[in-house]
């Protein structure tokens, strides 16, 4: 399900700025951060979806903080605050995506090295190359079970007294993910082969698992993801998919917009092609499993009734 290796989008976090930020934090000038609950393992996750999985596995013996947790913000414009460096400096476990998506974490970690800190990188857990075309690994249904198992293993090493507790929490997580896999299979049995269009490759791994055909040229998706103006011929191709109703739905990144995507969304609405919002980072009030279920249900609703979902609830 992984696309061919290739350099991907703009880095939203300058390395020099990250190093300067980490330096400020480590010299004691950073904003204060909440205390860690006694008897818990301090965990920092780069994205809210990884924080949720860590919290599900760690339960009451983990204090989990998410760095990026605003679903209404463009993740590519995210700026690290000095408190992030403080959180990472005291963390015993860090969880991040890798694949170039959250490189700022490597910078902050390097500025506060610790032999006691363990780091789970989804890209490494999955055995992927460091540079891949689509870094949105959490939309691949195989990612989170593997990451959860890695988190459980590290939590057990950090806090061996609660090894059985973490193992039980992992089993509960795996059972919930099994329900999600069953939903994916049910969707695939009903809708496999249907054609959709997208503005970015945010949910491409999930679309593939669902058996959908993404008719959008990947070059167009990558250009939009990278903040590059797509080639006119690619824009024309995607517009014709929508205006000619040659796709059953248009899936858009709910957190990022541009003149190209705004125009495309308007064309879809005018052609009565349903528009479905895919969130790049997990909306607040969701668990990872409920988030993926809501996205799948929104796509199924679009394909079966022609109804748009512009916001998950």
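Laboratory data are not the source of any read-out in this text; all were calculated from the coordinates shown. Everything numeric here is computed off the predicted structure, so don't read it as measured data. Because the Cβ atoms are built from the backbone with ideal geometry, glycine has one as well, and the counts that use them run over all protein chains shown.
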Next item on the list: Would you mind checking the tilt of helix 163-191 against the longest principal axis of the Cα atoms of the chain, expressed as 0 to 90 degrees and rounded to 10?
Entry: 0
Note to self: In 10 Å bins starting at zero, report the fraction of Cα pairs in the range 191-305 per bin as a rounded %.
What the structure shows: 14, 50, 31, 5, 0
Next item on the list: Using the number of other C-beta atoms within 10 angstrom as an exposure proxy, rank 107, 57 with the fewest first.
Entry: 107, 57
Check: With axes computed from alpha carbons, what is the tilt in degrees of helix 232-243 against the longest principal axis of the chain, rounded to the nearest 10 within 0 to 90?
Finding: 70
Checklist line | Residue exposure sequence - 269, 47 - by fewest surrounding Cβ within 10 Å | finding: 269, 47
Checklist line | Highest-fluctuation residue, 250, 137, 212 considered, GNM on the chain with Cα pairs under 10 Å | finding: 212
Note to self: Can you give me the angle between helix 288-305 and the longest principal axis of the chain, using Cα atoms only, in degrees from 0 to 90, rounded to the nearest 10?
What the structure shows: 10
Item checked: Top of 176, 66, 268 by mean-square fluctuation, Gaussian network on the chain, Cα under 10 Å -> 176
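Please rank 162, 136, fewest neighbouring Cβ atoms within 10 Å first, as an exposure proxy. Mind showing how you got there, number by number?
Values: 162 21, 136 25.
Sorted ascending by nearby Cβ count, the order is 162, 136.
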Next item on the list: Rank-order 92-101, 232-241 by packing density, defined as the average count of other C-beta atoms within 10 Å over each peptide's residues, highest first.
Entry: 92-101, 232-241
Note to self: Could you work out how much longer the chain between residue 263 and residue 131 gets when fully extended? Use 0.36 nm per residue separation minus the Cα distance between them, nm to one decimal.
What the structure shows: 44.5 nm
